[in-house]
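See structure below.
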């Protein structure tokens with residue numbers, strides 16, 4: 001198999017891995033609370049990420065002069081993000097939660113426009129953001145009452161989680177993009193700080209209840225933690241380095257589709273036609289956001305040539 005085939009296999013694998021995370025969170029939510037899910041997820045995912053960073057000799061004491069930025073990133077891109085997704089998934093079907101997660105690039109674009117003055121909101125991006133939020137509304141269906149309605153608190157948690165990680169992208173671009181710290185090292189620092197935060201302030205009483213269900217335990221430790229967080233980060237680094245950031249960003253198309261299929265066929269969840277339609281509209285919005293990025297990237301390449 002050629003190297004490029006391996007990289008695109010890594011790309012596909014990452015999308016599938018991220019799409020399965022919602023089912024593992026749903027299993028765990030029956031037995032433990034969201035803080036405990038986050039703690040176990042980060043603890044399990046921390047091991048392969050730190051191992052990778054140590055192997056590449058990327059962890060350095062001099063990095064800790066930026067510890068305040070690591071703390072902010074830990075809160076935005078790990079604690080709030082993971083907690084809200086765990087809470088939202090506990091209140092919704094796993095497939096619906098996964099479909100709503102497709103809105104992350106929309107929030108990232110909107111926050112970038114609001115906070116970074118050098119970024120322009122083009123007509124493509126406006127169309128993409130608008131389409132994405134229409135898709136979220138089609139899934140949330142706030143106008144529907146009764147059994148067909150969704151738990152709007154769950155939708156709100158998913159929205160806050162997406163918003164938090166979207167803000168983290170902008171924060172990283174503003175404060176961390178100019179310093180020479182590898183993504184693996186940055187993630188290692190984020191995760192250890194997240195463990196401290198959740199360990200000190202989270203309700204971890206009863207976390208051992210997860211051991212009563214072997215499937216849920218393995219789902220959190222291996223599926224959500226080691227694979228869904230640790231190995232997923234490493235795969236993402238490989239994709240960014242080998243295929244480029246533009247291609248890597250399009251991996252967000254895959255998890256919502258995977259989550260809906262898993263919810264329908266493996267978890268026997270009720271997935272309505274409007275949910276599929278909402279997911280498609282969200283992905284169209286993400287495509288419109290990336291479409292302009294691709295065109296801009298091609299122009300840069302042509303200039304360099």
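Just wondering, is there one or more residues in the range 111-126 that are within 13 Å of the chain's Cα centre (by Cα) and under 26 Å from residue 188 (Cβ atoms)? First the steps, then the outcome.
First pass over the range 111-126, keeping only residues within 13 Å of the chain's Cα centre (by Cα): none.
Within the range 111-126, none of the residues are within 13 Å of the chain's Cα centre (by Cα) and under 26 Å from residue 188 (Cβ atoms).
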2 or more residues over 21 Å from residue 33 (Cα atoms): qualifying helices (runs of 4 or more DSSP H) within the range 143-248: 152-175, 183-201, 232-243
Failed item, numbered, when residue 227 is tested on (1) in contact (Cβ under 8 Å) with a residue 24 or more places away in the chain; (2) surrounded by fewer than 19 Cβ atoms within 10 Å (Cβ to Cβ): (2)
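Condition check: modelled with pLDDT of 90 or more, assigned to a helix (DSSP H, G or I) and surrounded by fewer than 23 Cβ atoms within 10 Å (Cβ to Cβ). Does residue 75 satisfy that? Working first, answer last.
Values: modelled with pLDDT of 90 or more: yes; assigned to a helix (DSSP H, G or I): yes; surrounded by fewer than 23 Cβ atoms within 10 Å (Cβ to Cβ): yes.
When the stated conditions are applied, residue 75 passes them.
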Odd one out for residue 121, checked against (1) touching a helix residue (DSSP H, G or I) at 6+ places or on another chain (Cβ under 6 Å); (2) assigned to a helix (DSSP H, G or I): (2)
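Quick grid of which residues meet (1) farther than 17 Å from residue 89 by Cβ; (2) modelled with pLDDT of 95 or more:
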site	(1), (2)
14	yes, no
22	no, yes
35	no, yes
38	no, yes
56	yes, no
71	yes, yes
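Residue check: is residue 138 at pLDDT 95 or above, surrounded by 15 or more Cβ atoms within 10 Å (Cβ to Cβ) and in a helix (DSSP H, G or I)? Walk me through how you get there before you give the answer.
On the way: at pLDDT 95 or above: no; surrounded by 15 or more Cβ atoms within 10 Å (Cβ to Cβ): yes; in a helix (DSSP H, G or I): yes.
No.
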Residue in the range 80-92 that is crowded, with 20+ Cβ neighbours inside 10 Å and outside any helix (DSSP H, G or I) present: yes
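The values are calculated or read from the model by the stated rules, or taken from the named source; none is laboratory data. Just so it is clear, the structure is predicted and the values come from calculations on it, not from any experiment. Positions of Cβ are generated from backbone atoms using ideal geometry, with glycine treated the same way; all protein chains shown enter the neighbour counts.
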